[in-house]
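The values are calculated or read from the model by the stated rules, or taken from the named source; none is laboratory data. Fair warning: this is a prediction, and the values are worked out from it, not measured in the lab. Neighbour counts run over all protein chains shown; Cβ positions are idealised from the backbone, glycine included.
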Amino acid sequence: MKKYEAIRQQLLTRREELNRRVNKLANSARHIDEPLTPDFSEQAVERQNDEVLEALGDAGRHELVQINRALTHIEAGNYGICDGCGKTIPAERLEVLPYSDLCISCAEKQAAD
């Protein structure tokens, strides 16, 4: 586990940042801080903005799932092993995408499907 301590810390920091961001987006989309304006045309614009906020929140939640899975792999001692072929994921890939669970070859195959 010490081998991946720097990546683990990076993942923990990113997880905290994403949790804050996702919560803020959720609060904005629910209009907790301020209600919808009474003007119907303004409400239409606000609803479109809500859809964008929801998409950003979904992307953040998806990344959180990947981060948590990577942290679990680090704790279990099987981090850096491709879920597709079982080979070692190159360190360069893990540095760029620390929650990657596929080597480049398997990721390309999955993207083509």
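Can you confirm whether N68 is part of a helix (DSSP H, G or I), exposed (fewer than 14 other Cβ atoms within 10 Å of the Cβ), modelled with pLDDT of 95 or more and of a type outside the set (S, T, Y)? It would help to see each step written out before you state the result.
Numbers: part of a helix (DSSP H, G or I): yes; exposed (fewer than 14 other Cβ atoms within 10 Å of the Cβ): yes; modelled with pLDDT of 95 or more: yes; of a type outside the set (S, T, Y): yes.
Judged against the criteria, N68 is a match.
For the stretch 78-93, the set of residues classified as surrounded by fewer than 18 Cβ atoms within 10 Å (Cβ to Cβ) and either among the charged types (D, E, K, R) or closer than 12 Å to R8 by Cα (or both) consists of D83, K87, E92, R93, listed by residue number.
Answer with yes or no whether Q48 is exposed (fewer than 15 other Cβ atoms within 10 Å of the Cβ), touching a Leu at 6+ places or on another chain (Cβ under 7 Å) and at pLDDT below 90.
Working: exposed (fewer than 15 other Cβ atoms within 10 Å of the Cβ): yes; touching a Leu at 6+ places or on another chain (Cβ under 7 Å): no; at pLDDT below 90: yes.
Criteria not met by Q48.
The criterion of being within 18 Å of K2 (Cβ to Cβ) and in contact with a Cys (Cβ under 9 Å, 6 or more places away or on another chain) holds for T88. Here is the figure for the stretch 1-30: residues that are within 15 Å of H73 (Cβ to Cβ) and either surrounded by 17 or more Cβ atoms within 10 Å (Cβ to Cβ) or in contact (Cβ under 8 Å) with a residue 12 or more places away in the chain (or both) total 8.
Here I104 meets the list (1) out of contact with any Pro (no Cβ under 9 Å at 6 or more places or on another chain); (2) not assigned by TED's automatic domain parsing to the domain that holds L18 almost entirely, failing just condition (1).
Screening the candidates L102, L64, L94, L71 for the property of being without any contact (Cβ under 8 Å) to a residue 40 or more places away in the chain and within 18 Å of the chain's Cα centre (by Cα) yields one hit, L102.
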